[in-house]
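Q: Before anything else, here's the structure in question.
The values are calculated or read from the model by the stated rules, or taken from the named source; none is laboratory data. Note that the structure is predicted; figures quoted are calculated from it, not measured. Ideal geometry is used to build each Cβ from the backbone, glycine not excepted, and the neighbour counts take in all protein chains shown. Accessible surface is based on the protein model in full, side chains and every heavy atom, while ligands, DNA and RNA are left aside. Shrake-Rupley method; radii C 1.70, N 1.55, O 1.52, S 1.80 Å.
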Amino acid sequence: MEHSISLITTLAAGFGLALILGFVAVKLKFPALVGYLVAGICIGPATPGFVADAQIASQLAEVGVMLLMFGVGLHFSIDDLLAVRKIALPGAVVQIAVATAMGAGVASFWGWSLGASLVFGISLSVASTVVLLKALESEGLTDATDGRIAIGWLVVEDLAMVLVLVLLPALAPSLGGSASTSSRSTTMTIIITLAQVGGFVAFMLVVGRRLFPWILWQVTKTGSRELFTLSVVAAAVSIAYGSAALFGVSFALGAFFAGMVLRESEFSARAAEQTLPLQDAFAVLFFVSVGMLFDPMVIVEQPLHVLATVAVIIVGKTLAAVGLVLMLGYPARTALVVAASLAQVGEFSFILAGLGMALGLLPKEGNSLILAGALISIALNPLVFSAVQPTLRWLQRHPKFANRLEHAANPLAELPMSTDAKYLARQVVLVGWGRVGKLIAKALTEKGIPFVVAESNRESVEALRAKGIPAVWGDATEPMVLIQAHIREARTLVIATPETIQVRKMVETARTLNPEISVVVRSHNAEEAARLESDGSGTVFVGETELAKSMIGCVLGLVEPAAPAVAARH
């Protein structure tokens, strides 16, 4: 009896080759994503040998898109975005517009239509959240202020791309794409589309926000881990499908809101942990299926087109981001980190390119150029990130050039002249205003100990000053920031920021200015703490170690037998 095994062969070939090439890519210091895309090229129709079933791969890719967008929504925090809104929101919007204009301008020069040029430009304007998070993790910047700004910037980009995915089908006929089967005008089509999206969003926020967590709670009470995982995945896929069937919006938008609604519930951490392997697996299939659409001959036949595409992604977007961040009043370090984060394209670019092809807007050549740009920019992104620190060191050796890059003196970078004298001598200098820094500040306030905060997030400094708390804005590795915090007269430096890569430089600067100062440092792990202590960086506290000590003390107090009672005398 014959059986159709196209699905099995596609899965086996996709997973097997992705594993091998992903492993090779990581060993060569490239992101694993490069290996997955190359695996798709190898089993695609453009290369000799085995060719996987493109239709099945496409459907698996749709599931991958749903789970990718569900994961984005699950990690989307409105609070985190609001914390960096003054730079992330205007920066991302302007950067998308500038990058789209550059990409569309290049495509127009090649003679492409308006619709094709716009889809091409927008596809190059948005970076990959997956690649960004991996890069920030490797650089130790995930919890740093610069890292949070970069993540917030990409969240705004993701939201903008969700809007583009919703509106593009309605705009396609007027841009030269597939003709609409409806007699409605483009304006009416856009209004109806936005009304459908609004109805779906309202339904999810009003009904889904209550119903989804209630269902998960009922499943949780059964005690079955498998049922919980199944309920989360079923909800993600069902909501994505239902959003398309009932409201006419995309699978991607439905899955995104499913994750965002769950993010607000108490089950978000568990859902993220238990569905992550499935998200990763289908994400691999998504990137493999994208690679199957790539024709490597475009690199041979149109090398100048490929070079121009890569230049827009790496050079154009980078320079635009640096200029925007500096214009918004942030230091060069933040500008370089954000620029490095944006110097690549990824999953949304592939989704948008696929939609553009389906709507008859983007030619196959455009899709291949976007994929070529993605492969090259993702492969080079670790090198771009590795250039951030050398560039900063070069700027520090050439202060005149650095000063020309930075804005004129910002009032937030100096303590106000009216600052009380008690904050200017024998005070504590607290670097970092995160969760740890706030707890330390609360304890110091309760004890009546004066302190000055040094923080690289402008919004935090503005909020602190509004509350009457002395704070200076800037990178504490820079001597001028610590000087403005009056480190020379301080009695203690507390480094509560998670950016441990910069700790040694902060301590060195502080002790150069104040040799008698005591230093207290936060660290992530025991090995890192041992290195810091051996370098003379002060007293180092490891979060996990201190938590374990407190728990051990509590446990021993509960289980140790009480002292034997003294026998009563008769």
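Q: Any idea which of Gly64, Gly14 is modelled with pLDDT of 80 or more and either part of a helix (DSSP H, G or I) or surrounded by 16 or more Cβ atoms within 10 Å (Cβ to Cβ) (or both)?
A: Working: Gly64 fails: modelled with pLDDT of 80 or more.
Of the residues listed, the single one that is modelled with pLDDT of 80 or more and either part of a helix (DSSP H, G or I) or surrounded by 16 or more Cβ atoms within 10 Å (Cβ to Cβ) (or both) is Gly14.
Q: Tell me which residues, restricted to the stretch 445-461, are at pLDDT 85 or above and not small (Gly, Ala, Ser). Break it down stepwise before answering.
A: From the stretch 445-461, those at pLDDT 85 or above are 445-455, 461; that's our starting set.
The answer is Thr445, Glu446, Lys447, Ile449, Pro450, Phe451, Val452, Val453, Glu455, Val461.
Q: Which pairs turn up if I take residues in the stretch 209-223 that are open to solvent by 70 Å² or more (accessible area, probe 1.4 Å) and look for partners that are among the charged types (D, E, K, R) with beta carbon separation below 9 Å, at least 6 apart in sequence or on another chain?
A: So the pair list comes out as Arg209/Glu264; Trp217/Glu266.
Q: When you go through Gly360, Gly329 one by one, which is the residue that is in a loop (DSSP other than H, G, I, E, B) and open to solvent by 30 Å² or more (accessible area, probe 1.4 Å)? Outline the logic, then answer.
A: Details: Gly329 fails: open to solvent by 30 Å² or more (accessible area, probe 1.4 Å).
Residue meeting the stated conditions: Gly360.
Q: Out of curiosity, is Leu369 in a helix (DSSP H, G or I), surrounded by fewer than 19 Cβ atoms within 10 Å (Cβ to Cβ) and either under 20 Å from the mean Cα position of the chain (by Cα) or touching a residue at least 12 places away in the same chain (Cβ under 8 Å) (or both)? Explain how you work it out, then say what you get.
A: On the way: in a helix (DSSP H, G or I): yes; surrounded by fewer than 19 Cβ atoms within 10 Å (Cβ to Cβ): no; either under 20 Å from the mean Cα position of the chain (by Cα) or touching a residue at least 12 places away in the same chain (Cβ under 8 Å) (or both): yes.
Criteria not met by Leu369.
Q: If we keep just the residues of the stretch 17-31 that are among the aliphatic types (A, V, I, L, M) and open to solvent by 30 Å² or more (accessible area, probe 1.4 Å), which is farthest from Phe286 (Cα to Cα)? Let's see the steps before the verdict.
A: Kept after step one, since they are among the aliphatic types (A, V, I, L, M), are these residues of the stretch 17-31: 17-21, 24-26, 28.
Cutting the leftovers down to open to solvent by 30 Å² or more (accessible area, probe 1.4 Å) gives us 17, 19-21, 24, 26, 28.
Numbers: Leu17: 14, Leu19: 14, Ile20: 17, Leu21: 15, Val24: 19, Val26: 19, Leu28: 22 Å.
Among them, the one singled out is Leu28.
Q: On the given criteria, is Leu124 part of a helix (DSSP H, G or I) and touching a Lys or Arg at 6+ places or on another chain (Cβ under 9 Å)?
A: Here the answer is yes, as Leu124 does meet what is asked.
Q: Then there's this: Determine if the stretch 404-427 includes at least one residue that is under 28 Å from the mean Cα position of the chain (by Cα) and modelled with pLDDT of 85 or more.
A: no
Q: Go through Lys29, Lys86 for me and flag whichever is touching a residue at least 24 places away in the same chain (Cβ under 8 Å) and in a loop (DSSP other than H, G, I, E, B).
A: Residue meeting the stated conditions: Lys29.
Q: Test of understanding: among Ala244, Ala234, Ala258, Ala311, which residue is touching a residue at least 40 places away in the same chain (Cβ under 8 Å) and aliphatic (A, V, I, L, M)?
A: When all the criteria are applied, what remains is Ala258.
Q: A follow-up question, please. Of all residues in the stretch 217-257, how many are over 24 Å from Ala283 (Cα atoms) and in a helix (DSSP H, G or I)?
A: 6
Q: Is there a residue being under 16 Å from Ala244 (Cβ atoms) and at pLDDT 80 or above anywhere in the stretch 176-192? Before you say what the answer is, go through the steps one by one.
A: Quick first cut of the stretch 176-192, residues under 16 Å from Ala244 (Cβ atoms) only: 192.
This time we only want the ones that are at pLDDT 80 or above, so: none.
No, the stretch 176-192 contains no residue that is under 16 Å from Ala244 (Cβ atoms) and at pLDDT 80 or above.
Q: Please work out if Ala150 is in a helix (DSSP H, G or I) and more than 27 Å from Ala195 (Cα to Cα). Before you say what the answer is, go through the steps one by one.
A: On the way: in a helix (DSSP H, G or I): yes; more than 27 Å from Ala195 (Cα to Cα): yes.
Here the answer is yes, as Ala150 does meet what is asked.
Q: Go through the stretch 160-174 and count every residue that is open to solvent by 40 Å² or more (accessible area, probe 1.4 Å) and under 15 Å from Ser117 (Cβ atoms).
A: 2
Q: Out of all the residues in the stretch 466-485, which are open to solvent by 60 Å² or more (accessible area, probe 1.4 Å) and at pLDDT 85 or above?
A: Within the stretch 466-485, Ala466, Lys467, Ile483 meet the criteria.
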